[in-house]
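Chemist: Got a structure here, written out as structure tokens. Questions coming.
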Amino acid sequence: MTPLVELDQVTHRYPLARRQFVHAVEGVSLSLGPGQTLAVVGESGCGKSTLARLAVGLLTPTAGSARIAGELAGPTLSRTARRAVQFVSQNPWAALNPRKTIGHSVGLPLVVHKLCTGGNERATRVAELLEQVGLPAGYADHRPGGISGGELQRVTVARALAAQPRAIVLDEPTASLDVGVKATVVNLLLDLRESLGLGYLLITHELDIARHLATHVAVMYLGRIVEHGPATEIFGSPRHPYTRTLLAAMPVPDPTRRQLLALAGELPSAVRPPAGCAFHPRCPYAADACRSVVPALLEPTGHAGRSSACLRDLEISHV
């Protein structure tokens, strides 16, 4: 079955002065299948949001290729492929025009993709979309400044649904919301996935959100994927030292739970990333080879569907 999103050795670098670059994404290969939820997790600044924009064609890769619904992302992407994968940003206030009504914003994809024949049909469909995300149809007459942040994020989801997508790229969809509102948005996404068969590419630094939503997880560190696999296995038995430190930092109700590792230091500069394994300056297991060799993302023997980019994977996997 054709992946809805497919990244093949994608690299993206932002140019700076004096021939310097921000190494945002380096050689990433990922795919999202129909009905799958792939969570890309990691610290802020590791390149997750750049990856999200590459996945929907908002950015052009410096190297490698991005495909959407089987088509190469770019100016020639067909209308059908553009509709297939939609985008929801982390900041609903910036995503919606404050001067336009919510009905206008939600209905715009219906016009762009020619999914309705007139104003009455568009208004009816906008009302259906708002109700589908748990908002009153009357909100169509409101402007963004008149409703809450959680309601605004539901509006951006409704707008994405207007194009009748097969998958949605969600860039930190709950990052700007308080705890109670986060739960309602997560439940909404779960309900929509079940009822519509949607796939999600979920970008998040909130591991509890990834645990609730994801079927698969890719762990990203300084532009590279360092571990990938089914969510239950990643959360249950992490292999890469960075994944272990992320999980150790998760708040848990059981204070007696064994802590895996403590994450020390700051994320290195993406302008001058470390040689070798980018995680080696913060890794308690780093050896001399880690300082010079970039580890490949490999599938350990006997662990189908799992992959880890660590030179010492076999040595530390049972530690």
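Chemist: Counting other beta carbons within 10 Å of each residue's own, what order do V40, V271 fall into, fewest first?
Modeler: In order of increasing Cβ crowding within 10 Å: V271, V40.
Chemist: Stokes-Einstein diffusion coefficient for the chain at 25 °C in a medium of 0.890 mPa s, Rh from the Kirkwood formula over Cα pairs: what value in µm²/s?
Modeler: After rounding, the answer is 118 µm²/s.
Chemist: Separate question: Can you pull the one-decimal nm distance between simple spin-label points at R19 and E233, each 7 Å off the Cα toward Cβ?
Modeler: In this crude spin-label approximation the distance works out to 4.4 nm.
Chemist: Can I ask one more? Could you compute the net charge surrounding E266? Neighbours are other residues with a C-beta less than 10 Å from the C-beta of E266; K and R count +1, D and E count -1.
Modeler: After counting each charged neighbour, the total is 0.
Chemist: Moving on. Less than 11 Å Cβ to Cβ from L77, Lys/Arg counted +1 and Asp/Glu -1: what total charge do the surrounding residues give?
Modeler: Cβ neighbours under 11 Å give a net charge of +3.
Chemist: If each of V111 and D178 carries a label point 7 Å out from its Cα toward its Cβ, how far apart are those two points in nm?
Modeler: Placing both labels 7 Å along Cα→Cβ, they lie 3.6 nm apart.
Chemist: About the Cα centre of region 1-155, how large is the charge dipole given +1 on each Lys and Arg Cβ and -1 on each Asp and Glu Cβ? Please answer in debye to the nearest 20. Could you put the intermediate results ahead of the total?
Modeler: Details: 16 positive and 10 negative charges, 108 e Å.
The calculated dipole for region 1-155 is roughly 520 debye.
Chemist: How large is the helix-only mean residue ellipticity at 222 nm for the chain, computed as the sum of -39500 (n - 2.57) over DSSP H runs with n ≥ 4, divided by its residue count, in deg cm²/dmol to the nearest 500?
Modeler: Taking each H run of at least 4 residues, the total per residue is -9000 deg cm²/dmol.
Chemist: Right, something else. Please identify the DSSP H helices in the chain that span no less than 15 Å along the helix axis (Cα) and have a mean Kyte-Doolittle hydropathy of 0.5 or more.
Modeler: Details: long enough: 102-112 (16 Å, 1.66); 119-132 (19 Å, -0.87); 149-162 (20 Å, 0.28); 179-196 (26 Å, 0.93).
Span-like helices, by this rule, are 102-112, 179-196.
Chemist: Rounded to the nearest 0.05, what FRET efficiency is calculated for D8 and W93 with R0 set to 30 Å and r the Cβ-Cβ distance?
Modeler: Taking R0 as 30 Å, the efficiency between D8 and W93 is 0.30.
Chemist: What list do you get for T184, T301, T37, T232 if you sort them by fewest beta carbons within 10 Å? Provide the component values of the computation, followed by the final result.
Modeler: Values: T184 16, T301 7, T37 24, T232 13.
By the 10 Å Cβ count, ascending: T301, T232, T184, T37.
Chemist: Relative to the Cα centre, what is the charge dipole magnitude of the chain, using +1 at the beta carbon of each Lys and Arg, -1 at the beta carbon of each Asp and Glu, and rounding to the nearest 20 debye?
Modeler: On the way: 31 positive and 25 negative charges, 169 e Å.
Dipole about the Cα centre, nearest 20: 820 debye.
Chemist: On to the next question. Mind checking the full-extension length gain between S148 and M1? Use 0.36 nm per residue of separation minus the Cα-Cα distance, one decimal, nm.
Modeler: Result for the pair: 49.0 nm of gain on full extension.
Chemist: If you stretched the chain out fully between V293 and A264, how much longer would it get, using 0.36 nm times the residue separation minus the C-alpha to C-alpha distance?
Modeler: Residue separation times 0.36 nm, minus the Cα-Cα distance, leaves 8.3 nm.
Every number here is computed from the coordinates shown, using simple stated rules; none is lab data. Computed from a predicted model, the values in this text were never measured in an experiment. As a convention, Cβ positions derive from the backbone with ideal geometry for all residues, glycine included, and neighbour counts pool all protein chains shown.
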